[in-house]
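Contents: one structure, followed by commentary.
The values are calculated or read from the model by the stated rules, or taken from the named source; none is laboratory data. Because the structure is predicted, anything quoted here is derived from the model rather than measured. Virtual Cβ from ideal backbone geometry, glycine too; neighbours counted across all protein chains shown.
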Amino acid sequence: MIRSKRLSTVLLLLIAGSSLAYGQADPFARDPLPEGWYAKIETSLGEMLIYLHPEQAPQSVAHFAGLANAELAWTDRVSGETRTNHYYDGLIVHRAKTALRFEAGDPAGTGNGAPKLYVPPEVDRPMKFDQPYRMGLTRASLNRISGAQFFISVSPEPYLNGRHPCIGTVVRGKTVARQIASTRTYSNGRPVEPVTLEKVRVFKSGDPQPIPEPVPYDVVPEKLTPNTDPRTPGR
């Protein structure tokens, strides 16, 4: 009888422990994700899952995915070395703007040292920054959009529409995104306590359309040749 009671107690404890673990388990680990492409971003403050939008920003997503999955070569602007590695792993969040967004993707940690990888201006598309928790690519200069640096917004920022490609939407880890965006910073926006991208990978669920191969791109204004022939109209 005593033995039976002890066994019952052990079973109850095991069931209780299992219920607790199940309750704390990640729901995405149990339920299949909707078909599509995703970026899993593990940071020192937690994890985020991003649903990517290659259908509206194909080259922007292609560059981000190629760098994340060590499939796209890039040149270090300091050493001059060409590398093909999991680009984002170990990089820091170099800028946070309270209650708005945070930025990452620069090996120098300054916002000015990302490799010279650029993407077409895939900015006039249906998915915009009118809603919070969007992922976009930053500008490398006035006329160039970086193919490496990204930001994640935590508030609506419609003034970014038409200026930055929107490449994804946060579907898990919104609390983590808000925490990173609201971390205490120096005057230049760099977090006082470093926030690190520990691991970034792109993967698919189901059988979505493939992400295209990244194509080199740069904005080089066409040089116009002066028209000296009076018989043809000027350019």
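Scan the stretch 168-190 and tell me whether some residue there is farther than 20 Å from Asn69 by Cβ, out of contact with any Leu (no Cβ under 7 Å at 6 or more places or on another chain) and among the aliphatic types (A, V, I, L, M).
Within the stretch 168-190, one or more residues are farther than 20 Å from Asn69 by Cβ, out of contact with any Leu (no Cβ under 7 Å at 6 or more places or on another chain) and among the aliphatic types (A, V, I, L, M).
Return yes when Val170 is of a type in the set (Val, Ile, Thr), surrounded by 15 or more Cβ atoms within 10 Å (Cβ to Cβ) and in a loop (DSSP other than H, G, I, E, B) and no when it is not.
Taking the combined requirement at face value, the residue does not satisfy it.
Among the residues of the stretch 200-217 satisfying the criterion of being more than 21 Å from Ser146 (Cβ to Cβ) and touching a residue at least 12 places away in the same chain (Cβ under 8 Å), which is surrounded by the fewest Cβ atoms within 10 Å (Cβ to Cβ)?
Per the criteria, the residue is Asp207.
Here is a list: Glu71, Glu103. Which entry is acidic (Asp, Glu) and either under 12 Å from the mean Cα position of the chain (by Cα) or more than 26 Å from Pro34 (Cα to Cα) (or both)?
Glu103
Restricting attention to the stretch 49-107, and to residues there that are in a loop (DSSP other than H, G, I, E, B) and aliphatic (A, V, I, L, M), which single residue is farthest from Thr175 (Cα to Cα)?
So the residue we want is Val78.
Could you look through the stretch 48-63, keep only residues that are within 17 Å of Phe203 (Cβ to Cβ) and among the hydrophobic types (A, V, I, L, M, F, W, C), and pick out the one that is surrounded by the fewest Cβ atoms within 10 Å (Cβ to Cβ)?
Result: Leu49.
Exactly one condition in (1) more than 13 Å from the chain's Cα centre (by Cα); (2) in a helix (DSSP H, G or I) is false for Ala177; which is it?
Among (1) more than 13 Å from the chain's Cα centre (by Cα); (2) in a helix (DSSP H, G or I), the lone unmet condition for Ala177 is (1).
Answer yes if at least one residue in the stretch 111-118 is surrounded by fewer than 24 Cβ atoms within 10 Å (Cβ to Cβ), aromatic (Phe, Trp, Tyr) and under 15 Å from the mean Cα position of the chain (by Cα), and no otherwise.
For the stretch 111-118, residues surrounded by fewer than 24 Cβ atoms within 10 Å (Cβ to Cβ), aromatic (Phe, Trp, Tyr) and under 15 Å from the mean Cα position of the chain (by Cα): absent.
Just the residues that are of a type in the set (Ser, Thr, Tyr) and out of contact with any Leu (no Cβ under 7 Å at 6 or more places or on another chain), please, taken from the stretch 127-149.
Answer for the stretch 127-149, where residues must be of a type in the set (Ser, Thr, Tyr) and out of contact with any Leu (no Cβ under 7 Å at 6 or more places or on another chain): Tyr133, Thr138, Ser141.
Which of the residues belonging to the stretch 55-71 are small (Gly, Ala, Ser) and farther than 13 Å from Arg83 by Cα?
Ala57, Ser60, Ala62, Ala65
Go over the candidates Arg95, Arg101, Arg134 one by one and state the one that is closer than 27 Å to Val192 by Cβ, surrounded by 15 or more Cβ atoms within 10 Å (Cβ to Cβ), touching a residue at least 24 places away in the same chain (Cβ under 8 Å) and touching a Gly at 6+ places or on another chain (Cβ under 6 Å).
Testing whether each residue is closer than 27 Å to Val192 by Cβ, surrounded by 15 or more Cβ atoms within 10 Å (Cβ to Cβ), touching a residue at least 24 places away in the same chain (Cβ under 8 Å) and touching a Gly at 6+ places or on another chain (Cβ under 6 Å) leaves just Arg95.
In this structure, does Asn143 turn out to be modelled with pLDDT under 95, part of a loop (DSSP other than H, G, I, E, B), within 18 Å of Ala96 (Cβ to Cβ) and not basic (Lys, Arg)?
It is false that Asn143 is modelled with pLDDT under 95, part of a loop (DSSP other than H, G, I, E, B), within 18 Å of Ala96 (Cβ to Cβ) and not basic (Lys, Arg).
Given the criteria over 22 Å from Ile211 (Cβ atoms), under 16 Å from the mean Cα position of the chain (by Cα) and touching a residue at least 24 places away in the same chain (Cβ under 8 Å), does Val170 qualify?
The answer is no for Val170.
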